[in-house]
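Below: the structure, in structure tokens.
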Amino acid sequence: MTFSAIADEARRNVMSGTTRAGLGFVVLAVMVSLFALADLLTIAGAQATVAHYVGADAATRAITSSHGIDGRRCDALAGVSTIDASGALAGGAPVHFLAMPTVAVQTFHASPGFATVLGVTDPAPTGVWVEAGLATVISAHVGDQLATDRGALHIAGIFTWPQDGRDQRLTFAILIPQLDATSFDECWIQAWPVVDANDIMLRATVNPTSSLGAVGQINTSLGSTLDAHALFTSRLTRFVPLLCLITGLAVGYAMTRRRRLEYASALHAGQTKSSQLLTCLVETLFWSLSATFVSIVFLWHTATMRSPTSALPVLAITCRGPLLGLSGAVLGALASCALARERDLFRLFKNR
């Protein structure tokens, strides 16, 4: 038989309902989609755990050395290794607002790079950075002038510092950028993933004549470490691709096994085994490819809703399930078809 004849026979079998393609499509699409969805949600949960850990500054580390930190060296760490942002900090004298002379507000001196550590976006060239809680209390906004006992302070930026277990010294604080200062008390780095080399570079920001301080976390409430790799590799749904493969094998085998009498009869009528296998392959690909396509579209939609910024990596992982389900369906169908023999015709006819 030519391939066109085989394709035409497969089309007729599908259109007439002989292959029961609709049943195979629904069973395979639903099963592999549910399995892959479980894996996708588990991975998304792991991503949320990492994002919360990093967002809460649990991955932010700092070294302390009284007046011993070189601010320029500290700022220069940003972009090195896994370090995303870095900046230096030093304590300052409290300031009093003229409207509230009895209330002392803590101030800190900061290097220019510390704005990135705080998440201050596009700060003005000159002025101070005010913590969001304090800004709310005094109804201050970027561009306002604060009347204090040190004179007017221009608000160049506002930063958020939640009370989630992180170092609370910056809560209700004012940070004063120091563009030309080189002597600070602390150097902070935001880095993910956390690697030992980062601590070595932190220590390199301490001046040689100063005492070397300890390196620690800014937020210790979420644990000292988070092994994101172990979180991914030890997830309960890591065997979903294998489960999808087994499901595909079972569905493909079952869909073809019920047609053993038909296959044995066709062989008895003169059809070659190769033509029969090729026809079975075309028929199986019709419903299994459709099921795989629907499953991947469903996963893509779910991934973009759960994690829009990382949908592609998540989809690349979870799509292995539907693709293996497709492979399993084809292999199962061909295996069942291959086991159909002409000599079994009368036994199958008798037991039908």
| query | Which residues does a label at ILE138 reach in segment 117-132, if reach means a backbone N under 16 Å from a point 7 Å past the Cα toward the Cβ? | reply | 127-132
| remark: Label model pair LEU312, ASP180: point-to-point distance (7 angstrom along the Cα→beta-carbon line) in nm is 4.6
| remark: Expected sort for 61-71, 75-85 on mean C-beta neighbours within 10 Å, highest first, is 61-71, 75-85
| Where both partners of a DSSP beta bridge lie in the chain, what percent of those bridges are antiparallel, to the nearest 5? | 80
| task | Estimate the FRET efficiency between HIS229 and HIS301 by the formula 1/(1 + (r/R0)^6), using the beta-carbon distance for r and 41 Å for R0, to the nearest 0.05. | result | 0.90
| remark: Surrounding charge for THR205, neighbours by C-beta under 13 angstrom, Lys/Arg +1, Asp/Glu -1, total -1
| note | Net charge (Lys, Arg +1; Asp, Glu -1) of residues whose beta-carbon lies under 11 Å from that of ASP57, ASP57 excluded, is 0
| field | Inter-label distance, nm, simple model (7 Å from Cα along the C-beta direction), LEU339/SER290 | value | 2.6
| query | Whole-Å semi-axes of the chain's equivalent ellipsoid, largest first, each the root of 5 times a Cα gyration tensor eigenvalue? | reply | 69, 20, 15
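Please compute the net charge surrounding ILE317, taking Lys and Arg as +1 and Asp and Glu as -1 over other residues with Cβ under 15 Å from its Cβ.
Once positives and negatives cancel, what remains is +3.
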| task | Take the solvent-accessible surface of the protein heavy atoms, probe 1.4 Å, and return the percent of it on segment 102-172 that carbon and sulfur atoms account for. | result | 56
| field | Long-range amide H partners of GLY113 with built H, under 5 Å | value | ALA88
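The values are calculated or read from the model by the stated rules, or taken from the named source; none is laboratory data. All values derive from a computational prediction rather than experimental measurement. Backbone-built Cβ (ideal geometry, glycine too); neighbour counts: all protein chains shown. To get the accessible areas, we keep the full protein, side chains included, count just its heavy atoms, and leave off ligands, DNA and RNA. Shrake-Rupley method; radii C 1.70, N 1.55, O 1.52, S 1.80 Å.
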